[in-house]
Structure formats: structure tokens, C-alpha cells
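Colleague: Let me begin by handing over the structure; questions about it come next.
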Amino acid sequence: MKNRETTLRLILCTLALLFVPVILAGRSAAISTVGTPSPTPPPASSGDAQEIDIEVWVRPDSKIGNTRFTRGELYMSSKQKGYFYALVAPEEYTSEGSTAHVEVRNLYAAPTTLGYGLIFHSNPEPLVQGYAFVIDTIKRRYRVVRHAKNEEFSVIPWTKSTLIKFGNASNTLEAIDKGDTTDLLINQTLVTSVKNTYAFKGGQPGLYSGDATKAAFKRLSVKK
């Protein structure tokens, strides 16, 4: 299976380039997708939490995102402010009918306009179809977005929550699929639910980090 990485890049306005315009954080950008195969362990038996090996998601030669695995955490960020970087799990891991779980912290307690967090119900090709549930630990807020044909749409705008631990403290995010809806939890407490109108059938979980903010992820898993 393939892990694919995506980010939004600034458009270079020349006749030699073909691009799809996307408006994000007030800027026009073009989508670019690259990726290489990565080995993954087989899923655990049914009923167990299937922890996904994110150590193999490191892309040292990527021109669009930064990744490094150290002390059990995947450090991840976009290379440019105002844009985001996304990685999606292999197809054997699905968030459909499951609880997707991740622990994330803002490594340097840096500000962000886009957030960092958990992708769920995603097309194996990131940003084509699916959702992202992201937080900002400095302003203690969360939002939910969906992706469709290389565009990002707000589902739930930035919303304040005292459940979010401040600064570089670790926060747990969960997306619990309920069939027609998905419950979203911060630190084991329900904060909102979204309809699965735009979910990709059999979709995957993944990771999202925006605005060149270095996020540290661990224990990405799915559980039936």
C-alpha cells in the first residue's frame, strides 16, 4: 500500500504550469501529490486497537513537508506557513465503523492559523474526500474541515474549548464513527458531532499539520 503526502503550494503564474486553484488562508494555491510505498505491519485481530506504524511515514527527501521520528513521536509540519501537510494511513486501516485515535502536541507551543490533528474517513488520496479534526493549543480552540476535489471547506469553524490542554501539552483526539455521524472527542470528552455526508466509504485515518507548526504525533490507531 502507499502512504501519500500532500500540501498546498503557492502558484507560480507562468504559461508553462497547469494547476488547480484552491483558496486556503486567503491565498491561491496548487495541489501537488507525491508518495512512495512503505511497509506496514498487518492489522491486529478484530476488536483490538490497531496501532499504525507511523515511524515508516518519515519522508527525509520531501520538498513539501518535514517529518522526523524520535522518541516514539512523528514530528510533522508543512515547509511553508499558510499551508498544510497531510499523511494518510494505508488502506487496510479504516476509520469506518471504528474509533480513530491520536495523541498530538504542539512541539514548540507555536501559533497557528490552520491547526494540527486527526484526519478521518479519508480517500487514500488525501484532500480528495474526507475530514480533518484539528486543534490550536495556544488559543485553545478546534475546528473541523472537509476536503473535496482539492478544496478545503469549513464544517465547524474555530470553536473555543477549555478541554484543550495549553501550549505544548499532549492532547488526545478521537473520531468515533456512529454510522450516519461521527462523534469527535478531545481528551476523552465529546465536543461535537458531524454528519458523514462527505465520508469516503471505507476511508482511512491520517495526520494533518498546518502553518509550518511542528506537531508531534503518537499512538495513531483504529479500534472496532
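The values are calculated or read from the model by the stated rules, or taken from the named source; none is laboratory data. A quick note: this is a predicted structure, and the numbers were derived from the prediction, not measured. Ideal geometry is used to build each Cβ from the backbone, glycine not excepted, and the neighbour counts take in all protein chains shown.
Colleague: From the residues in the range 193-222 that are of a type in the set (Lys, Arg) and either crowded, with 17+ Cβ neighbours inside 10 Å or under 13 Å from the mean Cα position of the chain (by Cα) (or both), which one is nearest to Asn106 (Cα to Cα)?
Modeller: Applying the filter and picking the extreme gives Lys214.
Colleague: Let me ask you something else. Go through the range 80-94 residue by residue and tally those that are touching a strand residue (DSSP E or B) at 6+ places or on another chain (Cβ under 6 Å) and either over 27 Å from Phe153 (Cβ atoms) or surrounded by fewer than 18 Cβ atoms within 10 Å (Cβ to Cβ) (or both).
Modeller: The qualifying residues number 1.
Colleague: Would you say Glu174 is more than 22 Å from Tyr108 (Cβ to Cβ), part of a strand (DSSP E or B) and modelled with pLDDT under 95?
Modeller: Spelling it out, it is not the case that Glu174 is more than 22 Å from Tyr108 (Cβ to Cβ), part of a strand (DSSP E or B) and modelled with pLDDT under 95.
Colleague: Find the residue count for the range 157-171, including only residues that are closer than 19 Å to Leu107 by Cα, not small (Gly, Ala, Ser) and not in a strand (DSSP E or B).
Modeller: Selection size over the range 157-171: 5.
Colleague: Among the residues of the range 123-137, is there at least one that is over 13 Å from Glu174 (Cα atoms), more than 10 Å from the chain's Cα centre (by Cα), of a type in the set (D, E, K, R) and crowded, with 21+ Cβ neighbours inside 10 Å?
Modeller: So far as the range 123-137 goes, yes, one or more of its residues are over 13 Å from Glu174 (Cα atoms), more than 10 Å from the chain's Cα centre (by Cα), of a type in the set (D, E, K, R) and crowded, with 21+ Cβ neighbours inside 10 Å.
Colleague: Just for the range 39-67: of the residues that are touching a helix residue (DSSP H, G or I) at 6+ places or on another chain (Cβ under 9 Å) and of a type in the set (Ser, Thr, Tyr), which one is modelled with the highest pLDDT?
Modeller: Restricting to residues being touching a helix residue (DSSP H, G or I) at 6+ places or on another chain (Cβ under 9 Å) and of a type in the set (Ser, Thr, Tyr), the top hit is Thr67.
Colleague: Residues to consider are Ser193, Ser154; find the one that is within 25 Å of Asp48 (Cα to Cα), without any contact (Cβ under 8 Å) to a residue 24 or more places away in the chain, in contact with a strand residue (DSSP E or B) (Cβ under 9 Å, 6 or more places away or on another chain) and assigned to a strand (DSSP E or B).
Modeller: Testing whether each residue is within 25 Å of Asp48 (Cα to Cα), without any contact (Cβ under 8 Å) to a residue 24 or more places away in the chain, in contact with a strand residue (DSSP E or B) (Cβ under 9 Å, 6 or more places away or on another chain) and assigned to a strand (DSSP E or B) leaves just Ser193.
Colleague: Condition check: modelled with pLDDT of 95 or more and touching an Asp or Glu at 6+ places or on another chain (Cβ under 8 Å). Does Tyr142 satisfy that?
Modeller: Answer is yes for this residue.
Colleague: With the condition kept exactly as written, say whether any residue in the range 68-78 is out of contact with any strand residue (DSSP E or B) (no Cβ under 7 Å at 6 or more places or on another chain), surrounded by 16 or more Cβ atoms within 10 Å (Cβ to Cβ) and at pLDDT 95 or above.
Modeller: Within the range 68-78, one or more residues are out of contact with any strand residue (DSSP E or B) (no Cβ under 7 Å at 6 or more places or on another chain), surrounded by 16 or more Cβ atoms within 10 Å (Cβ to Cβ) and at pLDDT 95 or above.
Colleague: Would you pick out the residues in the range 205-224 that are assigned to a strand (DSSP E or B) and hydroxyl-bearing (Ser, Thr, Tyr)?
Modeller: Tyr208, Ser209, Ser221
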